[in-house]
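No lab work stands behind these numbers, since they all come straight from the coordinates. Note that the coordinates shown come from a computational prediction; the quantities given were computed from them, not determined experimentally. For neighbour counting, all protein chains shown are included, and Cβ atoms are generated from backbone atoms with ideal geometry for every residue, glycine included.
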Amino acid sequence: MNRPWKPLLTGSLQTQALEAAEAIVRDTAELPLGKVPGLIAGHTGYALFFEAAARALAPKWIDLAARSLQRAAALFTRRTPPPLSLHEGLAGMGWAAAHLSARYPDLDVEELCVWVDESLEVELNRSPWPHPCDIRDGLAGMGLYAAKRMPHPNGRRLLAQAVDRAREVAEHSASGASWRMPRGRWSLYGKDAQFPQGLYTLGLAHGIPGALCLLSLAHAHGVSLDVTRPLLEEGFRWVAHRAEPGHPRFPHYMHGLEHVTDERFSWCVGNPGITAALWWAARTWKDPHWEARTLEWATRVAVEALERPPSLSANLCCGTAGTAHLYVRLYQATGVSVFGEAAQRWIEHTLSLRQPGQGPGGYCFEQDPSSPLTDVQFGAAGIALMLLAAATDQSPDWDETFLFSLGSPSSSPEV
Ligand SMILES: [Zn+2]
């Protein structure tokens, strides 16, 4: 049973957060938003952003949400073939369409979703699987759409296919099961990077926690239980072997058995994102042992978040808003006070980076003041989404698309 969403912020911080979010929404609505269709950098993301603004601030923004979704669909039809991933492709548009239509039944998205289903069905039948296991480009992202599409039978079928691919590409060793980054993506870690011992990523955006979230979600939906249960057990065991005692200090990635760390302390890379997603996976799986273990890891990292110097960017991906939102969510779900304290500290950092008069709502002008970033991943929209979640009673249910949360089958949005 999910608890009703409560604002974390009160008093002047709440007022500041609301004022900043309102300014971002107002400014973004006035700007040309480009021709990118996808979720993290384009119109699918703006659909989720304006919908959240409509619930939290003013109903008028819902028109822009619907228009953004239409624009995303029109732009995707011009791509041949369209990309398929959750973050940049059709799976993301399908997720947003299914999500919005659950709350606004008059929004007819069936044709869109059938297009997404048919495209993903072909891709998810590819064997050997050519993509990563991750949320951003790979299997976890496509599986997340499939779960969102349920109870439609296409959703269940696609989710079972995704689990099948996860089973096929899992590597088994004495320390458990893991998923290797395909050679075609090694360039993520440097132009000519070579990983003859194999590349295994822990960082949330491109990493193995995504595979565990996919398997736990399938498990919660009762899909392919004979596969999900043992693979979850083995996958968590592999991850635990990478953790140090106490603070887990997970590496960003591993080249074979060599740990490679990264200074970022964020959603995409670093222990805040990794430990939060592992907790959501364990909780969705409903495994008491791993739920307790992952909560312990997440708590140790949150204690570090109380001391850690903040990043100088405010965005949701690598910046302060992403770290804040991880802890907003964990606090709401668990009531553990250190998560609330960490959330508040990183929200304060985020608000301190605001410079009214520059960029949308005072944000994301640093790289190019003449063309500030507006999108969800690196732009002001993502910052507003976090601030609205922290300052209002409206659940940020857009955030499953980043694995900031993971929904059980009973947590579809209230209509
Ligand atoms: Zn990032």
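Per-structure values
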{"item": "Estimated vicinal HN-Hα couplings, Hz - the range 169-174 in sequence order (Karplus 6.51, -1.76, 1.60; Gly, Pro = x)", "result": "8, 5, 9, 10, 9, 4"}
{"item": "Rounded to the nearest 20 debye, dipole of the range 175-308 from Cβ charges on Lys, Arg, Asp, Glu", "result": "220 debye"}
{"item": "Inter-probe distance in nm under a simple model that places probes 7 Å from Cα toward Cβ, at Arg183 and Arg79", "result": "2.6 nm"}
{"item": "Segment Glu30-His247, extension gain: residue separation times 0.36 nm, minus the distance between their alpha carbons", "result": "73.6 nm"}
{"item": "Alpha-carbon Debye profile of the chain, log10 I(q)/I(0) at 0.10 Å⁻¹", "result": "-0.61"}
{"item": "In sequence order, calculated HN-Hα J values of the range 224-233 (Karplus, 6.51, -1.76, 1.60; Hz; x Gly/Pro)", "result": "6, 4, 5, 8, 5, 4, x, 6, 5, 4"}
{"item": "Cleavage-rule hits (GluC sites (Glu not before Pro)) in the range 217-270: DSSP loop, at most 16 neighbouring Cβ within 10 angstrom", "result": "Glu263"}
{"item": "Segment Thr15-Leu306, length gained on full extension (0.36 nm per residue, minus Cα span)", "result": "102.5 nm"}
{"item": "Placed amide H near Thr201: partners under 5 Å, 5+ positions off or other chain", "result": "Met181, Ile208, Met254"}
{"item": "Whole-number percent relative contact order across the chain, with pairs defined as alpha carbons under 8 Å at least 6 apart", "result": "21 percent"}
{"item": "Loop-located trypsin sites (Lys or Arg not before Pro) in the range 176-279, at most 15 other Cβ atoms within 10 Å (DSSP)", "result": "Lys191"}
{"item": "Residues in the range 373-405 reached by a label modelled at Leu107 [backbone nitrogen below 14 Å; 7 Å Cα→Cβ]", "result": "397-399"}
{"item": "Environment charge of Lys6, counting only residues whose C-beta is closer than 13 Å and scoring Lys/Arg +1, Asp/Glu -1", "result": "+1"}
{"item": "Sites matching trypsin sites (Lys or Arg not before Pro) across the range 266-325 that sit in DSSP coil, with at most 12 neighbouring C-beta atoms within 10 Å", "result": "Lys286"}
{"item": "When the range 175-308 is reduced to its Cα atoms, the Kirkwood hydrodynamic radius in Å", "result": "15.1 Å"}
{"item": "In sequence order, calculated HN-Hα J values of the range 106-118 (Karplus, 6.51, -1.76, 1.60; Hz; x Gly/Pro)", "result": "6, 6, 8, 10, 4, 4, 4, 5, 5, 4, 5, 4, 5"}
{"item": "Spatial separation of Cα centroids for the range 3-44 and the range 345-389, in angstrom", "result": "9 Å"}
{"item": "Net charge contributed by nearby residues that have their C-beta within less than 12 Å of Arg237 (K/R +1, D/E -1)", "result": "-1"}
{"item": "Euclidean distance between Cα centres, the range 64-117 to the range 244-293, Å", "result": "31 Å"}
{"item": "Sequence-distant residues sharing a close amide H with Thr374 (under 5 Å, placed H)", "result": "Ala380"}
